[in-house]
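Everything below concerns the one structure shown next.
The values are calculated or read from the model by the stated rules, or taken from the named source; none is laboratory data. These figures come from a predicted structure and were not determined experimentally. Neighbour counts run over all protein chains shown; Cβ positions are idealised from the backbone, glycine included. Keep in mind that these areas ignore ligands, DNA and RNA; they rest on the heavy atoms of the full protein, side chains included. Shrake-Rupley method; radii C 1.70, N 1.55, O 1.52, S 1.80 Å.
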Amino acid sequence: VSEPSVSDLPVSEPSVSARPVSPALSPVSAPSVSMPVPELPLQWSVDSGRQRKSSRVRHTGDPADTTELSRALQHFERVWRGEALPGKVVESNAGGIEGLHVCAQLLSDDEVRALRLVFGAHKAWAQYIYGSAQTMEPKLGRGQAEADLSSVLQRIDFGPLGCLPEGVVSAESPMWPMGSLRERLLGLLQKRVRAAFGSDLLPWDDEGKTPNMMQFTQMRPFEELAPHVDSRDRWNEGIASMAWGQGEGSGSPAGENWTLCMRRGLAKSEHDRVDIALPAGACYVITRAAQGRTQHCLAAKVAHQRCACCWRHGVQTDRDGLVTRQSITIRVTSYSTR
């Protein structure tokens, strides 16, 4: 069965080994086609002593075809199951990590199909290459040594005026305005996340701690996001990220499995390692030591400074697969942008 396109939609008035979390299966390859990365001019900048190549596309309007986006969002709202998830399963402090919580079935297959259309309506993707990462598993012929692999992803960031995206330290890279259409999407997703995890695990509320930043990302099967800590003082407590496949996987219409890679320590030989295999449609939340905000860091580190006490998180896709991983991350800014 072929995936629907936006043009097929009716037009209406706007209205410490890898451990799977149920119901994930062992990662498998999938007969699908990954989305090609457009050839974009690369620009160089320096980020904390590392060179970063950015192909951010600068537009003065919107990064999406708003007509396509409106139709896609209307379709998403039609298949939306509401906030509550009957029979949901949430694992708190997953892998024994304080502040890491996982919901293996946040999104349904129909919701995933609709989100693919939302992503397809966005055209101005920026490609980021952050030096080289180290893979989470040994390569054949290299013993236990970790192999180098570029830490690459495509992304678009949305948020309040004056707020900079995560990992970008230049005023040349502001966020795109959220806009009314994406505000509707963010409102639905954050309500589902809050209902799934509850206030005990996720300290979001309606009193100034409602998510106001949303990041779209895409990663091809041979790409990964190296373990890192998000800015310790830019975001409030609680970051949620959900992911699925751009196409169907061999074991799930929602896509292929992926691995959340948690690391702690300064020297490679002293790393604590926890890898958690997650299915397409899953969501994880990081808080406290898993997020590493300054107020929870025993070493009181700030920004992206490394420490031995907080966890870093990364993502590894199935390198034998063929499906691009798509994800949405939502955050709350820790300062007023008014």
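Set the Förster radius R0 to 25 Å, insert the Cβ-Cβ distance between D110 and T66 as r into 1/(1 + (r/R0)^6), and round the FRET efficiency to 0.05.
Details: r = 23 Å, r/R0 = 0.93.
FRET efficiency, D110 to T66: 0.60.
The phi torsions of region 76-85, fed into the Karplus equation with coefficients 6.51, -1.76 and 1.60 and a -60° offset, translate into couplings of 4, 5, 6, 9, 4, 8, x, 6, 6, 10 Hz, rounded to whole numbers, with Gly and Pro shown as x.
Across region 85-119, the residues whose backbone nitrogen lies under 20 Å from the label position 7 Å along the beta-carbon direction of R78 are 108-119.
With contacts taken as Cα pairs under 8 Å at a separation of at least 6 residues, region 188-338 carries a relative contact order of 39 percent. Rolling a 1.4 Å probe across the protein heavy atoms gives region 231-309 an accessible surface of 34 Å² per residue. Dipole magnitude for region 210-286: about 160 debye, using +1 per Lys or Arg Cβ and -1 per Asp or Glu Cβ, origin at the Cα centre.
Estimate the FRET efficiency between T210 and A124 by the formula 1/(1 + (r/R0)^6), using the beta-carbon distance for r and 25 Å for R0, to the nearest 0.05. It comes to 0.45.
Each Lys or Arg adds one and each Asp or Glu takes one away; over the other residues whose Cβ falls under 11 Å from the Cβ of T329, this sums to -1.
Counting Lys and Arg as +1 and Asp and Glu as -1 over every other residue whose Cβ lies under 13 Å from the Cβ of W258, the net charge comes to -3. Couplings 3J(HN,Hα) of region 288-297, computed from phi: 6, 5, 6, 8, x, 4, 3, 5, 9, 8 Hz, in residue order, whole Hz [Karplus 6.51 cos²θ - 1.76 cosθ + 1.60, θ = phi - 60°; x for Gly and Pro]. Remark: spin-label model distance S250-E183 equals 4.6 nm, labels positioned 7 Å along the Cα→Cβ axis.
As a rough guide to protection, the peptides 74-81, 327-334 ranked by mean Cβ packing within 10 Å, highest first, stand as 327-334, 74-81.
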